[in-house]
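A short write-up of the structure that comes next.
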Amino acid sequence: MAINIHLIRTQRPHWGTYSGINQFLKYVDHNKYHIDVYVASDHDGDFPIRNRVVQKWLRYIVQRNGMQYYKLSDLTAEIKAFRKCWWNKIDIIHYMDGEHSAQYLSWLCKLHRRMRPKIVATYHQPPELLDSLIRKDVISRFDYITVVSPEQVSYFKQFVPSDKIQLILHGIDTHHFKPGGTLKDKNKFKCITTGHWLRDFKAVREVAEKLMAYKDIEFYVMTSKLTGPRVTGLEGLANVTLYRDHIDDARLLELYQQSDILFLPLLQSTANNGILEGIACGLPVVSTYLPSVKAYLPGKEAVLIKDNDPKQIVDAILHLVHNPEDCKNMALEARKRAEELDWQNIAPQYEAVYSKLKSS
């Protein structure tokens, strides 16, 4: 008999068609796992009560316990999920973005196990941020927690038994994100930086300034303005090209494929779409030494620098510029690692969680 799952996720307007953790849904065995997906907007626009005074009051109520990401759209999602549980047979509720939407349905966990669905939540933010984003009393009521980086496991052990926590690494679509078939410009060494959240643009600027004299080294920095203006501090640098408008899937892939390395200094991290997309396109990575990054890049596909030291980063980039064979070998290792993290290998881990919850 198939397991019925109601999955709630948050709409990410900056994600492309092939990006994001929801991609695992394409690879689940839908004969065994019937997954109904509800997509909540990341704002209050889809809340049925349009009165601004009422919305303001409700927004205060739903966020006063610390869940600052929780929007009225998340309240709508939980109300609809409750209705679904009432009228339909739901075995599992899966909050795909626990920091955003996992709050009020937790009271169902007080009911007898046979009278309620099991509840699992997935969390994405680093431990340093989670304290200000979640309700700890809610966490302790859930049946299961999945996380995307090792540091998160230690964090959630404070609130739930370790046998209720599972690390499932983020995956990547290696059929879409792949090395290009055309030759790259041999006269230019292109370093690509993608995304905005928790990026260390100060380090990017310092490195770009130190490499200004190398006319063959160029930096391409992509941030989307779909969710507001993106200030990087990189404006005015002759060797930096900024992409602030939305880039479609084809153009993003093209920019990855035309680049020589992924340059991604970070302030903090758990899973990172930019890293996964870059290695799938066969790009060596120069990034920050963090336990989460090391979990995704454990081998020779990356040079990881502690504290984003600009001199060490410059040395690493120049080494790759002057040693193309090393760059090529790292590219092969990067693609190999991406294939290990293909969604086809990751999706069965979610299936196993669903089956475990159903049988418990």
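The values are calculated or read from the model by the stated rules, or taken from the named source; none is laboratory data. Note that the structure is predicted; figures quoted are calculated from it, not measured. All Cβ positions, glycine included, derive from the backbone under ideal geometry; neighbour counts span all protein chains shown.
Here are some notes:
Every residue, every condition in (1) in contact with a Cys (Cβ under 9 Å, 6 or more places away or on another chain); (2) in a loop (DSSP other than H, G, I, E, B); (3) small (Gly, Ala, Ser), yes or no:
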{"position": "LEU252", "(1), (2), (3)": "no, no, no"}
{"position": "LEU262", "(1), (2), (3)": "yes, no, no"}
{"position": "ALA271", "(1), (2), (3)": "no, yes, yes"}
{"position": "GLY278", "(1), (2), (3)": "no, no, yes"}
{"position": "LYS294", "(1), (2), (3)": "no, no, no"}
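- Search result, residues across region 202-251 that are modelled with pLDDT under 95 and touching a Gly at 6+ places or on another chain (Cβ under 6 Å): ASP249
- Tallying residues that are aliphatic (A, V, I, L, M) and in contact with a Lys or Arg (Cβ under 8 Å, 6 or more places away or on another chain) within region 162-185 yields 1.
- Any hit, region 297-312, residues being at pLDDT below 95 and assigned by TED's automatic domain parsing to the domain that holds MET212: no
- For PHE177: the one exception among (1) touching a Cys at 6+ places or on another chain (Cβ under 7 Å); (2) surrounded by fewer than 19 Cβ atoms within 10 Å (Cβ to Cβ): (2)
- Subset of region 273-292 (residues that are of a type outside the set (A, V, I, L, M) and over 17 Å from LYS178 (Cα atoms)): SER287, THR288, TYR289, PRO291, SER292
- Residue, surrounded by the fewest Cβ atoms within 10 Å (Cβ to Cβ), within region 17-44, restricted to residues that are at pLDDT 90 or above and of a type in the set (Val, Ile, Thr): VAL37
- Checked across region 338-349, the condition of being among the polar types (S, T, N, Q), within 18 Å of ALA208 (Cα to Cα), touching a strand residue (DSSP E or B) at 6+ places or on another chain (Cβ under 8 Å) and surrounded by 15 or more Cβ atoms within 10 Å (Cβ to Cβ) holds for no residue.
- Residues in region 52-66 that are assigned to a helix (DSSP H, G or I) and surrounded by 13 or more Cβ atoms within 10 Å (Cβ to Cβ) were compared, and the one that is nearest to the chain's Cα centre (by Cα) is GLN63.
- Here ILE90 passes the criteria (1) surrounded by fewer than 17 Cβ atoms within 10 Å (Cβ to Cβ); (2) of a type in the set (A, V, I, L, M, F, W, C); (3) within 20 Å of SER355 (Cα to Cα) except the one numbered (1).
- In summary, strands (runs of 3 or more DSSP E) completely within region 140-237 and bearing 1 or more residues that are more than 27 Å from LEU267 (Cα to Cα) occur at 144-147.
- Residue count, region 296-309 (criterion: outside any strand (DSSP E or B) and surrounded by 18 or more Cβ atoms within 10 Å (Cβ to Cβ)): 4
- With respect to the conditions (1) out of contact with any helix residue (DSSP H, G or I) (no Cβ under 9 Å at 6 or more places or on another chain); (2) at pLDDT 90 or above; (3) among the aromatic types (Phe, Trp, Tyr), PHE142 lacks only one, and its number is (1).
- Residue, nearest to the chain's Cα centre (by Cα), within region 197-218, restricted to residues that are of a type in the set (D, E, K, R) and more than 25 Å from ASN272 (Cβ to Cβ): ASP216
- Among the residues listed as ILE134, ILE168, the single one being at pLDDT 95 or above, in contact with a helix residue (DSSP H, G or I) (Cβ under 7 Å, 6 or more places away or on another chain) and not hydroxyl-bearing (Ser, Thr, Tyr): ILE168
- Restricting the first member to region 143-162 and to residues that are in contact (Cβ under 8 Å) with a residue 60 or more places away in the chain and assigned by TED's automatic domain parsing to the domain that holds ASP131, and the second to residues that are part of a strand (DSSP E or B) and among the hydrophobic types (A, V, I, L, M, F, W, C), the beta-carbon pairs closer than 6 Å and six or more apart or on different chains are ASP143/ILE119; TYR144/VAL120; VAL147/LEU167.
- Tally, over region 67-81, of residues that are surrounded by 16 or more Cβ atoms within 10 Å (Cβ to Cβ) and closer than 16 Å to LEU130 by Cα: 3
- For region 102-118, the count of residues that are over 23 Å from the mean Cα position of the chain (by Cα), in contact (Cβ under 8 Å) with a residue 60 or more places away in the chain and surrounded by 15 or more Cβ atoms within 10 Å (Cβ to Cβ) is nonzero.
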